[in-house]
Amino acid sequence: ILWTVKILNKEFGMENRRNTKQKQLILNILKEADRPVSANEIYSKVVKELPKIAKSTIYRNIDALFNQNLIDKYHLNDNEVFYLIKEDRNEHRHFVICDGCQKIFDLPSCPIHEIETEMEKEGFIVKDHQIQINGICKECAKQSQLAGHDADHNR
């Protein structure tokens, strides 16, 4: 399904926002992605469709989509910024990142909601939060163990 800015704006009650081909391409790239996507990755895909597009135009459109609350921004892998399309305005996601292969896995649930509720009882207004857990995935751990075993065996 092609997600257009117009459809998303209507769905999110923001019909009067400007719809551009660049925004539509960015949204479709993010919709088709199975993981968060960097601005450089977005640019490399958009430039295939619009060869004369400047990188600054990509950043402006990404910022506009973020400000419209249509996409989310995440600081992953040494603080590089990645983007995901929102399925609904209240959605937020958290990630576990493998330091070995850089694979990104969704955290199955949000453990912060309970804390937010407690903070709100104290009068604190929680605007946003992000959780990122770094570690080694099962495949990388297995490869590391195999490499260690081979090194021990060759001594």
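The values are calculated or read from the model by the stated rules, or taken from the named source; none is laboratory data. Just so you know, these numbers come straight off a predicted model, no measurement behind them. Heads up, the Cβs are rebuilt from the backbone with ideal geometry, glycines too, and the neighbour counts pull from every protein chain shown.
Annotations
Residues are listed down the side, and each one gets a yes or a no for (1) within 16 Å of the chain's Cα centre (by Cα); (2) among the hydrophobic types (A, V, I, L, M, F, W, C); (3) surrounded by 14 or more Cβ atoms within 10 Å (Cβ to Cβ):
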| position | (1), (2), (3) |
| --- | --- |
| Leu70 | yes, yes, yes |
| Tyr83 | yes, no, yes |
| Pro111 | no, no, no |
| Gly123 | no, no, no |
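- From the options Lys73, Lys48, residue that is in a strand (DSSP E or B) and not assigned by TED's automatic domain parsing to the domain that holds Asp99: Lys73
- Residue check for Leu2: in a helix (DSSP H, G or I) and either among the aliphatic types (A, V, I, L, M) or at pLDDT 90 or above (or both): no
- Selection from the range 50-77 of residues that are of a type in the set (D, E, K, R) and in contact (Cβ under 8 Å) with a residue 12 or more places away in the chain: Lys55, Asp72
- Of all residues making up the range 91-106, the number that are within 15 Å of the chain's Cα centre (by Cα) and assigned to a loop (DSSP other than H, G, I, E, B): 6
- Against the list (1) within 11 Å of Arg93 (Cβ to Cβ); (2) not in a loop (DSSP other than H, G, I, E, B), the condition Ser109 fails is (2).
- All positions within the range 85-102 that are without any contact (Cβ under 8 Å) to a residue 60 or more places away in the chain, loosely packed, with under 15 Cβ neighbours inside 10 Å and among the basic types (Lys, Arg): none
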